[in-house]
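To start, the structure itself, in structure tokens.
Laboratory data are not the source of any read-out in this text; all were calculated from the coordinates shown. Note that the coordinates shown come from a computational prediction; the quantities given were computed from them, not determined experimentally. Using ideal geometry, Cβ is built from the backbone for each residue, glycine included, and neighbour counts are taken over all protein chains shown.
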Amino acid sequence: MTPIMSACVRLDSTTLTAATYNEHRETLQLDFRDGTRYLYSGIAPTLFRELLLAASKGSFFNRRIRSRFPYAKIPSEN
């Protein structure tokens, strides 16, 4: 399987704007439309791929990631 690089992927979603995955650390940063950012831990590469392929990124996030993995809110840069 092809390794995933740590790069920001823009998302076509009404909930999420971007996702940045670090395969080595198994972390997923999600940027939300309201400007908030969260970093999720323990995200397997297959789950990240499934997110990218999901018809609805927001629904996938709510069903498969939200409240299921440790997370931290990333302070805004303002």
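Given that just one value was derived from the coordinates, which of [x] -0.85, -0.94, -1.04, -1.25; [y] -0.81, -0.89, -0.96, -1.13; [z] -1.01, -1.03, -1.05, -1.10 is log10 I(q)/I(0) by the Debye sum over Cα atoms at q = 0.20, 0.21, 0.22, 0.24 Å⁻¹?
So the calculated entry is the one marked [x].
Give the calculated FRET efficiency between residue 64 and residue 22 to the nearest 0.05, with a Förster radius of 25 Å applied to their Cβ-Cβ distance.
Working: r = 18 Å, r/R0 = 0.73.
After rounding, the FRET efficiency stands at 0.85.
Taking +1 at the Cβ of each Lys and Arg and -1 at the Cβ of each Asp and Glu, which of 35, 19, 55 sits farthest along the dipole of the chain towards its positive end, judged by Cα position relative to the Cα centre?
Comparing the listed Cα positions along the dipole, 55 ranks first.
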